[in-house]
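Derivation of every value follows stated rules applied to the coordinates shown; laboratory data play no part. Here the structure is a predicted model, which is why all the values come from computation and not from measurement. So basically every Cβ, Gly included, is an ideal-geometry build from the backbone, and we count neighbours across all protein chains shown.
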Amino acid sequence: MSSHTSSPEITHAPEHASGTGRIWKTFWVLSALTAIELGLGYFLYWKHGGLSYGLTLSTKLLIAALTLAKAYYIVSIFMHLGDEIRNMIMTIIVPLMLFFWFIAAFLWDGNSWKVMRNTNAGSKADQTEQHKPAVIDKDAKK
Amino acid sequence: MWYFLMSDAFTFGAFLISYGTIRFSVNHWADPNQVFNAFPFAGHANLPLAFVSLMTFILIFSSVTMVLAVHEGHKMNRRGVEKFMVLTILGGLAFLGCQAWEWTHMITGDHTVLADGVLKTLGTTVTSNPWGIAADPNAVAAALQTTPDANLASIVHSLGHGGDAHAGAAMSRAEMISAIQAANLHVTTPGPIAFGGYFFGITGFHGFHVFSGVIINLVMLIKTRLGHFDERGHYEMIEKAGLYWHFVDLVWVFVFLCFYLV
């Protein structure tokens, strides 16, 4: 990291929203979102095995969506990315959009491996005995 | 700084996606509510998610103290910066302490599994994973009779009778078998080995980021105390350290999601 007196890396307007109110508000928002995630996590735990595949998956997707909301608050408020100039924001956000494709492609791949393994590459029917409800997992990374 | 963080985000993203791919490719993965259900000093109480939530809140809170330090820096208030940097460092150390406890608990926590026709205890490490599917009770009952004494002793030990490390040593084979039968253990088969590798690899990589963040913050605290930033006329370095620290919090949000919640 450099030690110049003039700092080319600071690209936002010098005037921040003054006061710490915004910071604390964000803290409470993050805490509330985490609490809701935990609530949903416990919901999955208490209902373990008693939920349909679709409902389990939607709950997990909801938790992933809440995580993305938390990420938005951390990046935008705590890291002040929201205060940067627009072009700067775009150079960061646009490459990260690749993750949508990565996640979809690789999870699809993983699932395909499972099917191949269980069916001996399509040469026999899937006779996998499910001792427990299938563990469905939603992996999300911005 | 932003571009460094973006590259780091890709590294973490690649790890987590690789984890997701492997998890999707097996029929049974460890259930986080079973694996992460312990809390310090709570013994064998079943408290899923509790400890990791505490860790999450510690990290969120230290992120808040960090942003408050940056805020004080904008106002050129040296004492304020020092105060909040100290709090942030303490938060980071608290998180690392929690992680150390969690890892120790997982590596040393012995769980009874049925493997190769005998029972044995396994911890969660990069080469062993006791979190497989539930074992057939009849097979467990049969295996109990053929399990070697040494394995029986370690199972009895894992039951935690009186916390005495040699509780099993003084018991006869029949006593040990009846103690295990009485305990009504939830015996599983070994799970996919990849679980430990991914868990320790990714949380370890994140923990190392937390550790470096604590070091960076310590350097910034010392530089603040020495008045370097007052001389320079701005507290921009605090802001850059802050960016790194928030990023560490950001990554944890996703690790928390992928390993503990879903």
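Observations on the structure shown:
- If you go through segment B:23-41 and keep only what is of a type outside the set (S, T, N, Q) and assigned to a helix (DSSP H, G or I), you end up with B:ARG23, B:PHE24, B:PRO32, B:VAL35.
- Criterion violated by B:LEU221 - all others in (1) more than 10 Å from chain A (Cβ to nearest Cβ); (2) surrounded by fewer than 17 Cβ atoms within 10 Å (Cβ to Cβ) satisfied: (2)
- For segment A:73-86, the criterion of being among the aromatic types (Phe, Trp, Tyr), farther than 15 Å from B:TRP252 by Cβ and assigned to a helix (DSSP H, G or I) is met by no residue.
- In segment B:42-54, the residues that are more than 10 Å from chain A (Cβ to nearest Cβ), surrounded by fewer than 20 Cβ atoms within 10 Å (Cβ to Cβ) and in a helix (DSSP H, G or I): B:LEU54
- Residue count for segment A:92-107, restricted to those that are surrounded by 12 or more Cβ atoms within 10 Å (Cβ to Cβ) and either facing another protein chain (nearest Cβ under 8 Å) or in contact with a Phe, Trp or Tyr (Cβ under 9 Å, 6 or more places away or on another chain) (or both): 8.
- Scanning segment B:212-233 for residues that are part of a loop (DSSP other than H, G, I, E, B) and farther than 24 Å from B:GLY91 by Cα yields one hit, B:GLY233.
- The set of residues in segment A:48-91 being closer than 22 Å to B:CYS258 by Cβ and at the interface with chain B (Cβ under 8 Å from one of its Cβ atoms) consists of A:HIS48, A:LYS60, A:ILE63, A:ALA64, A:THR67, A:LYS70, A:ALA71, A:ILE74, A:VAL75, A:PHE78, A:MET79.
- Screening segment B:121-143 for residues that are more than 24 Å from the chain's Cα centre (by Cα) and either buried (at least 16 other Cβ atoms within 10 Å of the Cβ) or of a type in the set (Asp, Glu) (or both) and picking the one that is nearest to B:PRO40 (Cα to Cα) gives B:ALA135.
- Residue, surrounded by the fewest Cβ atoms within 10 Å (Cβ to Cβ), within segment A:26-37, restricted to residues that are within 15 Å of the chain's Cα centre (by Cα) and either charged (D, E, K, R) or at the interface with another protein chain (Cβ under 10 Å from one of its Cβ atoms) (or both): A:LEU33
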